Amino acid sequence: MTAFHCVESPRRPADAFYTKTLPAGEGWMYDLEPGQVLRIVDLEGNQAVDTLFFDADNPEDHYSAVQTIASQGQIYLTAGSVLRTESGAELARIVADTCGRHDTLGGACSAQSNTVRYAHEKLHMHNCRDTFMLQLARRGGTLTKRDLAPNVNFFMNVPVTADGSLEFADGVSAPGRYVELQAQRRTTVLISNCPQLNNPCNAYNPTPIQLIVWDK
């Protein structure tokens, strides 16, 4: 199922209590309270935003791609999708989305995957897995690299081909498009704004995103 489902948000950035511009290659970790809404804005278009979610009060119960996909019966995220944990609990709902489709299968780039997908000389390049680990180290606490599960790639286009393989294709987003998620419980959000220079999903040009948070 590949249908796009776009829903505009009624929220105004002027009413938000938190706003941050995150350059490509940087990370962000933030705790949302129940009911709070996070908007991720693709400022320049076709940027890949690698994102993980954790139950803030039970961090080992993290976002599960398998539970999320199985419960909604399709592999893409869009307006109305519910992001679920390993235990099946609701973490967040997509309440608005002007892109219409987001990847759950492509995973985060890493030093190792860069060598497999592209070339051995890409080993040294900045990657999302390292950004995730840096954010976890800065936060401290019990989360480690062992807690990095398959992630969501907001705005990224990874179609499944007829033979069941994945294709990293041109992006389907555009400047100013956004996705909004409302926390269903205390939710820790971990973002790597992808630095990938080898991926056509961002037109080989990593760009900043904007993060906006409302109380409701």
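Return the FRET efficiency for the residue pair residue 19, residue 145: r is the Cβ-Cβ distance, R0 is 25 Å, and the value is rounded to the nearest 0.05. Could the numbers behind the result be given before it?
Values: r = 30 Å, r/R0 = 1.19.
It comes to 0.25.
Extension gain for residue 70-residue 31 works out to 11.4 nm (0.36 nm per residue, less the C-alpha to C-alpha distance).
Report, to the nearest whole %, how much of the accessible area of the stretch 47-107 belongs to carbon and sulfur atoms, 1.4 Å probe, protein only.
Working: 810 of 1720 Å².
Carbon and sulfur atoms account for 47 percent of the accessible area of the stretch 47-107.
Taking a ≥ b ≥ c as the square roots of the Cα gyration tensor eigenvalues, the stretch 1-108 comes out rounded, since a/c falls below 1.5.
Peptides 130-136, 83-89: what's the order by average Cβ count within 10 Å, highest mean first?
On the way: 130-136: 19.4, 83-89: 17.7.
With the highest mean Cβ count within 10 Å placed first, the list reads 130-136, 83-89.
Taking every protein chain into account, the accessible area of the stretch 1-98 amounts to 42 square angstrom per residue (probe 1.4 Å). In order along the stretch 9-23, the phi-based Karplus estimate (6.51 cos²θ - 1.76 cosθ + 1.60, θ = phi - 60°) of 3J(HN,Hα) comes to 9, x, 7, 9, x, 5, 8, 6, 9, 8, 9, 8, 9, 10, x Hz; Gly and Pro are listed as x.
The values are calculated or read from the model by the stated rules, or taken from the named source; none is laboratory data. The shown structure was predicted, so the numbers you read here are calculated from the model rather than taken from an experiment. Glycine also receives a Cβ, built like all others from the backbone with ideal geometry; neighbour counts cover every protein chain displayed. Surface areas here come from the heavy atoms of the whole protein model, side chains and all, with no ligands, DNA or RNA. Shrake-Rupley method; radii C 1.70, N 1.55, O 1.52, S 1.80 Å.
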